[in-house]
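Following: one structure in structure tokens, then a few remarks.
The values are calculated or read from the model by the stated rules, or taken from the named source; none is laboratory data. This one's a predicted model, so the numbers in the text were calculated from it and none came from an experiment. Neighbour counts run over all protein chains shown; Cβ positions are idealised from the backbone, glycine included. Heavy atoms of the whole protein, side chains included, go into the accessibility calculation; ligands, DNA and RNA do not. Shrake-Rupley method; radii C 1.70, N 1.55, O 1.52, S 1.80 Å.
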Amino acid sequence: MEIAVISGKGGTGKSSVTAAFTSLLKNVVLVDCDVDAANLYILFEPEIDEKTSFVGAQKAEIDYNNCTNCGICMDYCRFDAIKIENGKIAINEIFCDGCQLCSRICPEKAITMINNDESLLLSGNFRYGKMVYGRLAPGEENSGKLVNIVREKARKIAEQNNSKVILIDGPPGIGCPVISTVTGVDHVVVVTEPSLSGMHDLIRTVEMTENFNLKTWVIINKFDLNREMSEKIFEFCNLKSIQILAKLPYHEQVVEAMVNCKSISEWEPDSDFTKIFEDAIDKVINS
Amino acid sequence: MEVEKLVNKTIKIAIASGKGGTGKTLIATSMFYAIQENFKNSVLVDCDAEEPNSVLFFKANLQRSVEVVQKVPVIDTDKCTFCGKCHDYCAYNAIFIIPPSRIIKVIEELCHGCGACSVACEYDAITEKDMEVGRVNVFVSNEGFNIIEARMKNGVMTPVPVIKAAHKYTVDKQVVIMDSPPGTSCPFIQTVVEADYVILVTEPTPFGLSDLKQSVNTLKTMNKNYGVIINRAGLGDKKIFDYLKSEDIDLLAEIPFDKEIAVLYSNGNIVAAHNDKIKILFANLFESILERYGNSSN
């Protein structure tokens with residue numbers, strides 16, 4: 001079973017929720033798909049036994065020995081990545097999309113594509129099972145592709161270890177890394193907060209999960225900070241026939257737990273707060 | 001500081017953070033509000049095109065909404081010989097082909113609109129059509145200020161074309177404040193590439209610190225000027241302060257954790273409009289950034 005924890009808006013508590021679930025499950029494959037801001041390794045300190053570099057996008061590079069400054073590449077580039085700088089054709093790496101068209105049409109064969117292979121796929125043991133995560137090189141593109149590679153690796157590991165649950169911590173937003181994170185999972189848990197922006201982003205996120213026909217649950221974090229807004233979120237979920245999986249009150253110990261590199265369910269295993277997570281994960285697993 | 005000295009300076013400031021939910025939008029909306037008295041020719045641009053919500057904080061009317069399109073190929077199967085050259089040219093695996101069965105399909109969601117397939121085709125079988133990838137919405141607030149919103153269409157893979165399009169609506173403005181998407185990948189890059197200065201917002205927790213380091217490393221490769229605001233100061237631990245000191249990074253401000261601020265914000269209020277301390281903090285911070293990093297317009 002694959003469960004993905006996401007949230008349109010960032011900082012609603014995705015990773016804290018995922019961490020709490022993780023330490024309540026045994027023999028889990030934990031996957032951090034927030035590849036440009038992976039955090040769960042901080043709490044769970046996995047012993048990395050496999051590290052592979054990943055070829056992300058390619059970038060075009062000009063060989064000035066062969067370039068005649070004809071400018072044909074500039075005419076074909078649709079990403080505004082080729083300009084004349086100081087009388088010479090120059091490629092802007094930031095705008096280059098790696099489509100390779102310039103290198104194909106250059107009559108002098110003066111443009112080559114360079115692999116960017118600084119992004120990493122990491123995996124290893126941790127105290128509740130196996131962990132897999134990706135780390136995107138600074139400024140790298142193609143995070144969706146890295147998410148796919150991370151998930152493929154997780155499935156393989158789950159099979160080898162007879163792990164029944166793959167638990168995925170997703171990135172914020174609704175674009176390609178998120179779509180890659182939720183494609184084909186059995187359950188999506190959306191973590192939101194009772195604010196006007198939280199509500200707005202939840203609606204867009206649910207639109208996205210509906211498009212992909214995914215079984216969706218909602219957790220409202222810090223619901224007591226704004227009860228009126230929480231009511232509106234309940235109404236919206238009702239209307240969409242989405243089950244509220246949990247209502248979490250504002251709880252100062254969540255930050256304390258994080259600072260001490262523990263999940264909240266490890267930090268206070270017998271608290272009422274942890275009980276909410278136990279009930280929630282049981283509900284998902286047994287549905 | 002004398003505002004008169006600053007009238008000839010222009011600046012683009014991006015408010016960004018690796019970790020989501022650290023307070024980017026709170027700071028962008030408050031800073032935009034705080035400078036309106038002294039800088040009439042200012043615009044707020046919401047570049048978080050996947051989840052744009054800055055405009056929710058203002059009383060503003062939609063002035064116009066412009067469609068942003070991307071080219072996608074259309075294959076004429078009568079002319080197509082199923083040679084596969086377009087498939088070979090496509091760097092995004094957006095063309096699916098089974099030559100023996102005479103099947104060829106464009107997977108529009110994967111297409112980046114680069115035009116390589118059209119160049120590849122020797123049989124004149126590929127034309128292109130426009131596909132909507134989002135909109136740029138131009139709002140006018142009750143106070144007469146523009147707010148530009150980049151809004152990606154739901155289901156589209158990348159917000160980058162919409163963000164690029166939104167940047168075009170900021171010419172002739174003295175001050176541009178940009179609310180950036182979270183993370184450090186392409187949407188973040190396409191936003192901060194336009195900025196003269198980047199304000200990184202973080203919180204004093206292990207997650208906040210880890211993501212801040214990644215943002216700093218990315219901005220270093222881009223040679224950008226930047227400083228850090230610590231939001232919800234008082235929670236968490238002190239490690240982030242040690243990091244800033246050891247890396248010699250400017251700590252621009254600390255915003256204490258305050259339930260009142262959280263409630264104001266959650267109801268869709270601009271915090272600076274209800275809290276004078278925050279308003280003065282951002283007005284002063286903005287002016288010092290403009291003085292140090294602004295461009296002379298003459």
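Structure data summary
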item	result
Residue list for segment A:53-72, restricted to those being farther than 30 Å from A:LYS153 by Cα and away from chain B (no Cβ under 12 Å)	A:GLU61, A:ILE62, A:ASP63, A:TYR64, A:ASN65, A:ASN66, A:CYS67, A:THR68, A:ASN69, A:CYS70, A:GLY71
Flag for B:ALA253 being surrounded by 14 or more Cβ atoms within 10 Å (Cβ to Cβ), of a type in the set (Gly, Ala, Ser) and part of a helix (DSSP H, G or I)	no
Sole exception among (1) farther than 30 Å from B:GLU132 by Cα; (2) assigned to a helix (DSSP H, G or I); (3) within 9 Å of chain A (Cβ to nearest Cβ) for B:PRO187, by number	(1)
Those residues of segment A:8-61 which are assigned to a helix (DSSP H, G or I), open to solvent by 10 Å² or more (accessible area, probe 1.4 Å) and of a type outside the set (D, E, K, R), in sequence order	A:SER15, A:SER16, A:SER23, A:LEU24, A:TYR41, A:ILE42
Single residue of B:TYR243, B:TYR226, B:TYR265 found to be more than 9 Å from chain A (Cβ to nearest Cβ) and either out of contact with any strand residue (DSSP E or B) (no Cβ under 7 Å at 6 or more places or on another chain) or open to solvent by 60 Å² or more (accessible area, probe 1.4 Å) (or both)	B:TYR243
Residue list for segment B:119-156, restricted to those being buried (at least 18 other Cβ atoms within 10 Å of the Cβ) and over 22 Å from B:ALA166 (Cα atoms)	B:ALA120, B:CYS121, B:ALA125, B:ILE126
Check on A:GLY170, more than 9 Å from every other protein chain (Cβ to nearest Cβ) and at pLDDT 95 or above	yes
Failed condition for B:ASP211, given (1) of a type in the set (Asp, Glu); (2) within 20 Å of B:VAL68 (Cα to Cα); (3) touching an Asp or Glu at 6+ places or on another chain (Cβ under 9 Å)	(2)
Cross-chain or 6+ apart pairs with Cβ under 7 Å, segment B:173-187 first and open to solvent by 10 Å² or more (accessible area, probe 1.4 Å), then in a strand (DSSP E or B)	B:LYS173/B:SER42; B:LYS173/B:VAL43; B:GLN174/B:THR10; B:GLN174/B:SER42; B:PRO182/A:PRO172
Failed item in (1) in contact (Cβ under 8 Å) with a residue 60 or more places away in the chain; (2) within 13 Å of chain B (Cβ to nearest Cβ), with A:GLU228 passing the rest	(1)
Failed item in (1) within 14 Å of chain A (Cβ to nearest Cβ); (2) within 21 Å of the chain's Cα centre (by Cα); (3) under 18 Å from B:VAL162 (Cβ atoms), with B:VAL72 passing the rest	(2)
Lone unmet requirement of (1) touching a helix residue (DSSP H, G or I) at 6+ places or on another chain (Cβ under 8 Å); (2) surrounded by fewer than 23 Cβ atoms within 10 Å (Cβ to Cβ); (3) within 11 Å of chain B (Cβ to nearest Cβ); (4) in contact (Cβ under 8 Å) with a residue 60 or more places away in the chain for A:SER163	(3)
A:PHE95 being touching an Asp or Glu at 6+ places or on another chain (Cβ under 9 Å) and either open to solvent by less than 60 Å² (accessible area, probe 1.4 Å) or within 11 Å of chain B (Cβ to nearest Cβ) (or both)	yes
Residue ID - modelled with the highest pLDDT, chosen from residues in segment B:1-29 that are over 24 Å from B:LYS164 (Cα atoms) and part of a helix (DSSP H, G or I)	B:LEU6
Count of segment B:190-209 residues which are in contact (Cβ under 8 Å) with a residue 60 or more places away in the chain and either crowded, with 24+ Cβ neighbours inside 10 Å or assigned to a helix (DSSP H, G or I) (or both)	12
Verdict on A:THR183 being in the same structural domain as A:LYS9 (by TED's automatic domain parsing) and open to solvent by less than 10 Å² (accessible area, probe 1.4 Å)	no
Pairs with Cβ under 8 Å, 6+ apart, first in segment B:278-298 and among the acidic types (Asp, Glu) and open to solvent by less than 70 Å² (accessible area, probe 1.4 Å), second part of a helix (DSSP H, G or I) and at pLDDT below 95	B:GLU287/B:VAL3; B:GLU287/B:LEU6
Filter result (hydroxyl-bearing (Ser, Thr, Tyr) and either more than 10 Å from chain B (Cβ to nearest Cβ) or outside any helix (DSSP H, G or I) (or both)) within segment A:190-219	A:THR192, A:SER195, A:THR209, A:THR216
Residue among A:ASP36, A:ASP49 that alone is at the interface with another protein chain (Cβ under 9 Å from one of its Cβ atoms) and in contact (Cβ under 8 Å) with a residue 40 or more places away in the chain	A:ASP36
Lone qualifier among B:LYS9, B:LYS24, B:LYS19 - being more than 22 Å from B:ILE261 (Cα to Cα) and assigned by TED's automatic domain parsing to the domain that holds B:ALA273	B:LYS9
Matching residues, segment A:137-160, being open to solvent by less than 30 Å² (accessible area, probe 1.4 Å), more than 14 Å from chain B (Cβ to nearest Cβ) and either among the basic types (Lys, Arg) or in a loop (DSSP other than H, G, I, E, B) (or both)	A:ARG151
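The rows are residues; the columns are (1) on the phi > 0 side of the Ramachandran plot; (2) within 12 Å of another protein chain (Cβ to nearest Cβ); (3) outside any loop (DSSP other than H, G, I, E, B).
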site	(1), (2), (3)
A:LYS232	no, yes, yes
A:GLU235	no, no, yes
A:VAL255	no, yes, yes
A:CYS261	yes, yes, no
A:GLU266	no, no, yes
